[in-house]
Structures are given as C-alpha cells and as structure tokens.
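Asks: First the structure, which I've put down as structure tokens, then a few questions once you've had a look.
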Amino acid sequence: MSTTQVAIPEAFQITELIDQSTYLVNGEMKKWKGETTPVYSSIHTVNGQGEYAPTLLGSIPRMQEKEAAEALEAATKAYGKGKGVWPTMKVSERVVAMETFVEIMKTKRDEVVKYLMWEIGKSLPDSQKEFDRTVEYIYDTIEDYKQMDRDSAKFQKHDGVYAHIRRGPLGVVLCLGPYNYPLNETFALLIPAIIMGNTCIFKPAKHGVLLISPLLEAFEKAFPKGVVNIVYGRGREVAAPIMQSGKVDVLALIGNSKSAIALQDQHPNKNRLRLVLGLEAKNPAIVLPDADLDLAVNECIAGTLSFNGQRCTALKIVYVHEKVKDEFLKRYTAKVDSLPFGNPWDDGVKLTPLPEPGKPAYIQELIDDALAKGAKVINKRGGETTENFIFPAVLYPVNKEMRVYDEEQFGPVVPIMSFNDIEEPLNDIADSNYGQQVSLFGKDVYTLAPLIDTLVNLVCRVNLNSSCQRGPDVYPFTGRKDSAVSTLSVHDALRSFSIRTFVASKDNDYNNKILNELLDTKAANFVSTDYIL
Ligand code: G3H
C-alpha cells in the first residue's frame with residue numbers, strides 16, 4: 001500500500017485536484033456554481049493533515065432537477081421533433097463528427113488511464129486496455145455504420161411498391177454506465193446511440209467520473225450543440241426527473257436491475273420507452289470429470305477474480321464434479337492465495353483496492369452467512385481485510401440457502417459447489433434469475449454435445465474451456481431473464497439504438513419521376529443511393 005504520493009510513480013501522482021466546475025449542456029461548457037460532491041479514491045495516502053486516508057481526487061457538481069431539465073431540453077431541442085440538424089444529417093457527416101471525436105479522445109489516453117486507476121482501482125494494463133478497446137470500438141462502429149449505410153443504399157420492389165429502407169434514430173437517449181467499466185461500457189452505449197442520429201443525456205458512473213473530464217472538450221468540439229449533454233449528480237436527483245418528463249425515448253443502462261426498474265417506473269408512457277440494458281449475472285463454471293484441470297483452474301482464476309470479480313461477466317459460482325473436486329480445490333486455492341495484491345500501478349498486480357467503500361464489509365457479510373450455514377473458507381488468505389480490500393475467500397461447500405448462492409457478489413468471494421449428476425447445475429441455471437453466459441470445462445464430445453444443446457437455451461454464450469467474457473466486441477453480448485434487455489455488439493448496438501424506417505412509393509410514372517429527381521438532386525439525405533467508401 002502506498003503511504004505517500006512520493007511512493008507512487010511520478011506519472012501517476014495526484015499533484016492537483018480535478019474540480020469539475022463546468023458541465024456540457026447545449027454545446028456549451030457551463031459554469032457550475034452550486035453544491036459540489038468530493039471525489040475520493042479508496043486508495044489511501046497520507047493527506048495534508050498527516051492522516052492515512054482515502055485520497056481526495058477532486059469534486060463534481062451535484063446537479064438537481066433544474067439542471068437535469070436543462071440538459072433534457074437541450075437534447076430534445078437538438079432532436080427537434082425529428083427535424084434537428086443531427087438526426088437529419090447525412091451519414092457521411094455524422095461519420096466525420098465521430099472521427100473528430102475519436103481523434104481528440106486518443107490524445108487524452110494518459111489522463112484517462114491515470115484516473116481509471118485512481119477512481120476504480122483498475123490495474124495499469126487493464127486500464128490501458130479499457131481505453132484502447134474503447135477507441136477500437138469507436139472505429140469499428142464507424143466502419144459498421146458505413147457498411148449498414150452501403151447495404152441500405154438501394155431500392156427494393158415487392159407487389160408493385162418500391163421501398164427505400166434504412167435505420168433511423170429513436171430520439172432522446174438517457175445513458176448511464178457502470179463503475180467497473182466507466183469508459184468502455186458507457187461508450188459502448190453512447191457511441192452507437194450518437195452515431196445513429198439520437199441525441200443524448202449522459203451521466204457518468206458514481207465511481208469513475210473524473211476520468212470523463214478530459215473528454216468533455218472532445219464532445220463539445222465534435223458534435224453539434226445539444227447532441228451530447230453531460231450531467232453530474234445522484235441518480236435520484238438527476239436521472240429520475242428526466243425520466244418523469246416522459247421525453248426519454250431510450251433508457252440505455254449498464255448496471256443493476258433495481259436501478260433500471262426504478263427508472264423505468266418513473267416514465268409515464270412505458271410503451272414509448274425502448275430499453276437497452278446490461279444487468280446482473282451469476283455466470284457459472286461447470287468443471288466436468290474429464291476437464292483439463294490446469295486449464296480449468298487458470299481460466300477459473302481469470303474468470304472469478306480478474307478485476308477482483310467486479311465484472312458482469314465474472315464467474316460467480318463454480319460447479320466441480322465430485323471426481324475432480326479435491327484436486328481442483330487444491331490447485332485453485334493455491335493459485336488464489338498466490339495472487340499479488342497491490343496498487344493499480346504495481347508491476348504484475350492482480351488484485352487491487354475495491355472502489356466501493358462498503359464492499360469489503362458486504363463481502364464479509366456473505367462469508368459470515370455462508371460460514372453460519374455450513375461452508376468453510378478453504379484458502380489460507382481468504383477474508384484477510386485491509387482498509388480498502390478483502391482477500392478473495394473461496395467458500396466450499398456452498399448450498400442454496402446461502403446468500404452467496406443467489407446474490408451477485410460482484411467482488412472477491414468465490415462460491416464452489418460439487419455435483420455428481422450434471423442435472424444439478426443444469427437445473428440451477430434454469431432456475432436462476434440470470435442467463436448471461438456459462439463456462440464449460442471438459443472434452444468428451446458425447447458429454448459436451450447435449451450440454452451445449454441445453455445451455456445455449458439457458459444463457460447467451462457457452463464458453464468452451466474458457467472463462468466468460470464480453471469480447472471480442474463484434475460478438476453479440478446479451479443475456480436472458482434479468483441479465484439484459486436487447487443485444488450489444490458493434491453491429492447489434494447500432495440496431496438497438498435505431499429503428500427501421502422507409503420511404504414507400506407505388507411503381508408508377510408519377511412517383512418514379514419524383515424518386516428519380518430526389519436521387520438526382522440529392523435534395524434529401526435519407527433518399528440516396530450514394531455509397532460511402
Ligand atoms: O462488466 C461487464 C463487462 O461487460 C465485462 O466485460 O468480459 O470484457 O470484462 P469483459
């Protein structure tokens with residue numbers, strides 16, 4: 001643990017605070033004069049008073065209903081009842097705006113990476129990866145959007161009716177991202193929403209908010225006014241009144257289902273509200289008797305404990321066949337205990353401080369509950385606690401009465417169950433509230449085949465001999481039941497934030513002459529057979 005700033009590599013020291021005193025609304029960086037909320041890192045350092053305490057990083061505006069209404073008004077105006085500059089703009093022009101954005105964004109890598117480490121405790125390589133993956137996602141989105149446009153630059157004819165079909169925007173999007181990927185997951189919603197011609201109000205995550213500050217200028221410079229509006233504050237005070245207005249067309253949220261439901265409930269016209277949601281999951285690993293145990297252990301380590309288990313795709317429960325249970329537990333617990341804990345910039349660090357101040361206590365509650373109901377912490381270091389961390393506890397044997405069986409722990413505790421009959425985990429997965437992904441470890445195809453055939457109907461991705469993950473981002477990322485609404489991937493996200501809309505005209509001389517003229521004059525941005533290369 002660091003005790004002073006001096007002990008921290010120079011490039012990552014906090015030498016000045018980011019006091020975010022402006023907010024982006026209607027294309028303007030407005031000065032905030034109201035109440036502010038301090039932003040602390042859970043990484044402790046010695047402060048000005050000589051106390052070893054959470055590190056102050058800066059502050060953000062604590063906006064209220066009035067400013068929320070202002071942002072909503074700006075987004076609504078920019079959409080302009082479908083007549084706005086942005087929703088009616090040529091695809092090629094929207095592409096140029098997005099390219100401008102990403103070019104400016106790329107120059108902010110070091111700053112964003114630094115704050116990813118301080119604000120959410122993500123390791124340096126993972127923070128760099130989050131930034132780079134997001135940039136790549138934006139370029140891939142641009143390419144996919146161009147392809148989508150090329151594919152629709154044509155007319156169809158059925159039953160004597162010509163149709164020119166494209167995808168059009170939906171309107172105003174309220175976009176809320178999670179703290180574990182405050183850049184990547186948020187932008188994986190925001191970028192496709194923007195490029196499809198929607199206008200947005202975006203509220204950064206609770207942890208991982210200052211890292212957006214270096215990017216405000218890019219939003220301001222790249223997009224017409226009102227297309228992206230950024231608000232700060234508490235969900236209840238800012239997002240709820242925006243929803244109550246009934247003017248939000250899409251709620252795009254990655255987070256937990258309680259907040260998603262609470263926000264939907266605020267909307268007076270629910271059928272008008274489209275949902276793009278990435279929610280909780282309890283992805284299981286199933287280790288079959290013929291699994292390559294070294295591989296299974298390594299993948300389960302990455303799956304359960306990358307970023308301390310704070311990933312929606314993390315393996316949150318492990319089922320091991322009785323025949324290999326002892327060996328698996330021995331190797332897995334030894335590996336867990338050898339994982340190095342440290343600050344995000346430490347070389348080779350695997351476990352890092354937890355950004356949520358209450359998280360160690362919550363994980364301890366789950367452990368205590370499991371112990372009281374018959375489980376044991378089977379690794380030596382499990383449960384060791386410091387001011388901002390609790391060492392991963394491997395719990396075995398876990399049963400269905402325990403909270404850790406049902407609750408999405410989103411942190412460093414690993415529940416393990418053993419099974420004799422594969423029907424046991426299959427039934428549990430079918431009965432679970434969640435249905436995102438599963439990891440299946442084994443090799444006999446006659447055992448795997450029926451399992452795969454069942455599991456694909458219970459979750460949305462079966463990972464064969466590997467941990468669960470979202471990427472590559474071109475693949476569909478979604479879930480069943482309470483795990484997701486709608487599908488995200490580079491391509492699917494463009495679909496999620498748009499709707500098919502078209503111009504139809506009966507095949508007759510009168511209409512055909514008009515269509516030809518529309519095409520020749522290029523007077524309409526929608527009716528066009530031009531290709532963007
Ligand atoms: O938190 C959920 C993320 O979508 C997980 O993404 O699998 O790339 O870590 P990842």
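The values are calculated or read from the model by the stated rules, or taken from the named source; none is laboratory data. Just so you know, these numbers come straight off a predicted model, no measurement behind them. So basically every Cβ, Gly included, is an ideal-geometry build from the backbone, and we count neighbours across all protein chains shown. Note: accessible area is taken over every heavy atom of the protein model, side chains too, but ligands, DNA and RNA are not part of it. Shrake-Rupley method; radii C 1.70, N 1.55, O 1.52, S 1.80 Å.
Asks: Quick one: Lys270 ticks every box in (1) of a type outside the set (A, V, I, L, M, F, W, C); (2) closer than 25 Å to Leu455 by Cβ; (3) modelled with pLDDT under 95 except a single one, so which number is it?
Replies: Every listed condition holds for Lys270 apart from (2).
Asks: Quick one: how many residues across region 23-65 are among the aromatic types (Phe, Trp, Tyr) and farther than 19 Å from Leu215 by Cα?
Replies: Taking region 23-65 and keeping what is among the aromatic types (Phe, Trp, Tyr), we get 23, 32, 40, 52.
Subsequent filtering for residues that are farther than 19 Å from Leu215 by Cα retains 40, 52.
Count: 2.
Asks: Name the pairs whose Cβ atoms lie under 7 Å apart, with the first residue in region 298-314 and within 21 Å of Gln128 (Cβ to Cβ), the second charged (D, E, K, R) and within 8 Å of the ligand (Cβ to nearest atom), and 6 or more positions between them or separate chains?
Replies: Note: pairs meeting the criteria are Thr313/Arg470.
Asks: Right, next: Say whether the condition of being closer than 21 Å to Lys376 by Cα, in contact with a Pro (Cβ under 7 Å, 6 or more places away or on another chain) and more than 16 Å from the ligand (Cβ to nearest atom) is met by at least one residue in region 275-289.
Replies: Within region 275-289 (the criterion being closer than 21 Å to Lys376 by Cα, in contact with a Pro (Cβ under 7 Å, 6 or more places away or on another chain) and more than 16 Å from the ligand (Cβ to nearest atom)), the answer is yes, since at least one residue qualifies.
Asks: Looking only at region 259-294, filter to residues that are basic (Lys, Arg) and farther than 28 Å from Leu426 by Cβ; which one of those is least open to solvent (accessible area, probe 1.4 Å)? Step through it out loud before you land on a result.
Replies: Step one: list which residues in region 259-294 are basic (Lys, Arg), which gives 270, 272, 274, 282.
Checking which are farther than 28 Å from Leu426 by Cβ leaves us with 270, 272, 274.
Numbers: Lys270: 98, Arg272: 150, Arg274: 77 Å².
The extreme case among them is Arg274.
Asks: Would you check if there is a residue in region 111-122 being in contact with a Phe, Trp or Tyr (Cβ under 8 Å, 6 or more places away or on another chain), more than 15 Å from the ligand (Cβ to nearest atom), open to solvent by less than 10 Å² (accessible area, probe 1.4 Å) and more than 23 Å from Pro355 (Cβ to Cβ)?
Replies: Taking every residue of region 111-122 in turn, none turns out to be in contact with a Phe, Trp or Tyr (Cβ under 8 Å, 6 or more places away or on another chain), more than 15 Å from the ligand (Cβ to nearest atom), open to solvent by less than 10 Å² (accessible area, probe 1.4 Å) and more than 23 Å from Pro355 (Cβ to Cβ).
Asks: Residues that are surrounded by 16 or more Cβ atoms within 10 Å (Cβ to Cβ), in a helix (DSSP H, G or I) and within 24 Å of the chain's Cα centre (by Cα): does region 47-58 have at least one? Please lay out each step first, then the result.
Replies: Applying the first criterion (surrounded by 16 or more Cβ atoms within 10 Å (Cβ to Cβ)) to region 47-58 yields 54-55, 57-58.
Pick out the ones that are also in a helix (DSSP H, G or I) and you get none.
Looking for residues that are surrounded by 16 or more Cβ atoms within 10 Å (Cβ to Cβ), in a helix (DSSP H, G or I) and within 24 Å of the chain's Cα centre (by Cα), one finds none in region 47-58, hence no.
Asks: Does region 92-102 contain at least one residue that is basic (Lys, Arg) and more than 16 Å from the ligand (Cβ to nearest atom)?
Replies: yes
Asks: Could I ask something else about it? Given the criterion of a type in the set (Val, Ile, Thr) and free of Cβ contacts under 8 Å to residues at least 40 places away in the same chain, identify the matching residue among Ile261, Ile242.
Replies: Working: Ile242 fails: free of Cβ contacts under 8 Å to residues at least 40 places away in the same chain.
On inspection, the qualifying residue turns out to be Ile261.
Asks: Hey, can you tell me all the residues within region 459-478 that are away from the ligand (no atom under 12 Å from the Cβ), touching a residue at least 60 places away in the same chain (Cβ under 8 Å) and open to solvent by less than 70 Å² (accessible area, probe 1.4 Å)? Can you show your working first?
Replies: Looking only at region 459-478, we keep the residues that are away from the ligand (no atom under 12 Å from the Cβ), and these are 459-460, 462, 464-465, 474, 476.
Applying the additional criterion that residues be touching a residue at least 60 places away in the same chain (Cβ under 8 Å) yields 459, 465, 474.
If the condition is that a residue be away from the ligand (no atom under 12 Å from the Cβ), touching a residue at least 60 places away in the same chain (Cβ under 8 Å) and open to solvent by less than 70 Å² (accessible area, probe 1.4 Å), then Val459, Asn465 are the ones that fit.
Asks: Here's a follow-up. I'm checking my understanding of the structure. Among residues of region 426-458 that are within 14 Å of the ligand (Cβ to nearest atom) and open to solvent by less than 30 Å² (accessible area, probe 1.4 Å), which one is nearest to the chain's Cα centre (by Cα)?
Replies: Looking only at region 426-458, we keep the residues that are within 14 Å of the ligand (Cβ to nearest atom), and these are 434, 436-439.
In the following step, the residues that additionally are open to solvent by less than 30 Å² (accessible area, probe 1.4 Å) were identified as 436-439.
Values: Gln436: 14, Gln437: 15, Val438: 19, Ser439: 20 Å.
Result: Gln436.
Asks: Moving to a separate point now. Considering only region 124-155, how many residues are part of a helix (DSSP H, G or I), more than 25 Å from Gly348 (Cα to Cα) and of a type in the set (Lys, Arg)?
Replies: Matching residues across region 124-155 total 2.
Asks: Give just the number: which of (1) of a type outside the set (Lys, Arg); (2) open to solvent by less than 20 Å² (accessible area, probe 1.4 Å); (3) under 17 Å from Ala302 (Cα atoms) does Pro360 not satisfy?
Replies: (3)
Asks: Applying the selection to region 312-332, what residues are within 16 Å of Ala393 (Cα to Cα) and within 16 Å of the ligand (Cβ to nearest atom)?
Replies: The answer is Ala314, Leu315, Lys316.
Asks: Does Ala193 qualify as being away from the ligand (no atom under 16 Å from the Cβ), surrounded by fewer than 24 Cβ atoms within 10 Å (Cβ to Cβ) and in contact (Cβ under 8 Å) with a residue 12 or more places away in the chain?
Replies: Details: away from the ligand (no atom under 16 Å from the Cβ): yes; surrounded by fewer than 24 Cβ atoms within 10 Å (Cβ to Cβ): no; in contact (Cβ under 8 Å) with a residue 12 or more places away in the chain: yes.
Taking the combined requirement at face value, the residue does not satisfy it.
Asks: Here is a follow-up. Just the residues that are under 30 Å from Leu190 (Cα atoms), in a helix (DSSP H, G or I) and open to solvent by 70 Å² or more (accessible area, probe 1.4 Å), please, taken from region 479-532.
Replies: Within region 479-532, His491, Arg495 qualify.
Asks: Okay, moving on. If you take the residues of region 145-186 that are among the aromatic types (Phe, Trp, Tyr) and in contact with a Leu (Cβ under 9 Å, 6 or more places away or on another chain), which of them is nearest to the ligand (Cβ to nearest atom)? So that I can check it myself, show each step before the final result.
Replies: Step one: list which residues in region 145-186 are among the aromatic types (Phe, Trp, Tyr), which gives 145, 155, 162, 179, 181.
Add one more test, that the residue is in contact with a Leu (Cβ under 9 Å, 6 or more places away or on another chain), and what stays is 145, 155, 162.
Details: Tyr145: 21, Phe155: 39, Tyr162: 42 Å.
Among them, the one singled out is Tyr145.
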